[in-house]
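Here's the structure, in structure tokens; my notes come after.
What follows is calculated from the coordinates using simple rules that are stated; it is not laboratory data. The shown structure was predicted, so the numbers you read here are calculated from the model rather than taken from an experiment. Don't worry about glycine lacking a Cβ; one is built from the backbone with ideal geometry, like all the others, and counts go over all protein chains shown.
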Amino acid sequence: MQVEGAIALVTGANRGLGKAYAEVLIKGGAAKVYAASRDVSQITDGRVIPIRLDVTSPAEIATAARSCPDVTLLVNNAGIMLASPMLTEKSPDALRQELEVNVFGVLAMASSFAPILAHNGGGAIINMLSVASWFVNPFNATYCASKHAALAVTNALRIQLKAQGTQVIGVYAGFIDTDMAARVDEPKTSPRQVAERSLAGLRTGENHVLADQSAHDIRQALLTDKASFEAEMQKMWADGATPWSL
């Protein structure tokens with residue numbers, strides 16, 4: 001699918017990666033970009049159309065679908081990361097919140113916009129996943145669980161929507177230089193790079209986009225020696241070597 005002439009809706013577009021997606025889409029020649037956010041007051045770019053949208057709200061998703069019947073590209077970027085291990089007092093609530101946004105939000109948006117995409121020729125869905133969908137960081141375990149589920153949703157959507165001509169792309173990156181990873185004391189990738197590589201994959205028909213070096217390195221490590229990688233995660237937990245600046 002070409003970016004030129006596309007009509008895109010980007011969730012979580014008020015800042016960080018979502019904002020970068022909107023900017024790169026405009027630069028790439030998109031005909032229209034709907035910038036969706038829970039707080040549209042933060043969207044000040046006059047080149048985009050602000051849309052109030054909380055991806056956990058069925059009513060707001062339905063309103064967005066009615067307001068944006070011309071969409072040909074859906075970018076599911078909205079997400080939350082609560083940096084929770086799996087067994088703590090707060091982990092059940094953290095997991096529920098992350099699943100609501102990172103999984104059920106993606107599913108609800110795809111369900112509402114798939115018929116629109118079909119009507120408009122097929123189009124595409126870009127789901128912003130993470131390298132965390134491939135393994136479990138013990139200090140961020142509930143988020144990893146949500147991204148594992150989001151990966152399964154993405155792969156299922158690809159199979160189910162192929163007949164209507166909808167391309168479904170999963171995008172994988174390590175830590176991105178946004179507010180979400182502000183507490184992380186590790187190298188980070190620029191949001192613009194992730195957005196640009198996502199759209200490059202869209203143009204060439206990729207199913208999976210490795211958007212930074214971290215994604216390439218982790219993918220290779222898991223393919224060549226998964227046991228050693230898992231042992232490294234175990235050691236990280238035993239040493240208390242959290243990447244978070246707490």
Hey, for a label at L222 modelled as a point 7 Å past Cα toward Cβ, could you say which residues of region 108-149 have their backbone N under 13 Å away?
129-137, 144-149
Once every DSSP H run of n ≥ 4 in the chain is given -39500 (n - 2.57) and the sum is divided by its residues, what mean residue ellipticity at 222 nm do you get, rounded to the nearest 500 deg cm²/dmol?
-14500 deg cm²/dmol
At 0.36 nm per residue, and after removing the present C-alpha to C-alpha distance, how many nm does the segment from A182 to H119 gain when stretched out fully?
18.7 nm
Cα centroid of region 71-122 to Cα centroid of region 1-51, whole Å:
18
Set the Förster radius R0 to 22 Å, insert the Cβ-Cβ distance between E89 and R38 as r into 1/(1 + (r/R0)^6), and round the FRET efficiency to 0.05.
0.20
In the chain, which whole DSSP H runs stretch at least 24 Å along their own axis (Cα) and average -1.0 or higher on the Kyte-Doolittle scale?
141-161, 213-239
By the Kirkwood definition, with r running over pairs of different Cα atoms, the chain has a hydrodynamic radius in Å of 18.2
Quick one: which of 53-59, 183-189 comes out on top by average Cβ neighbours within 10 Å, and what's the full order, highest first?
53-59, 183-189
For the pair E100 and D70, the simple spin-label estimate (label points 7 Å beyond Cα toward Cβ) gives in nm 3.4
Assigned charges on the beta-carbon of Lys, Arg, Asp, Glu; region 1-103 dipole about Cα centre (debye)
240
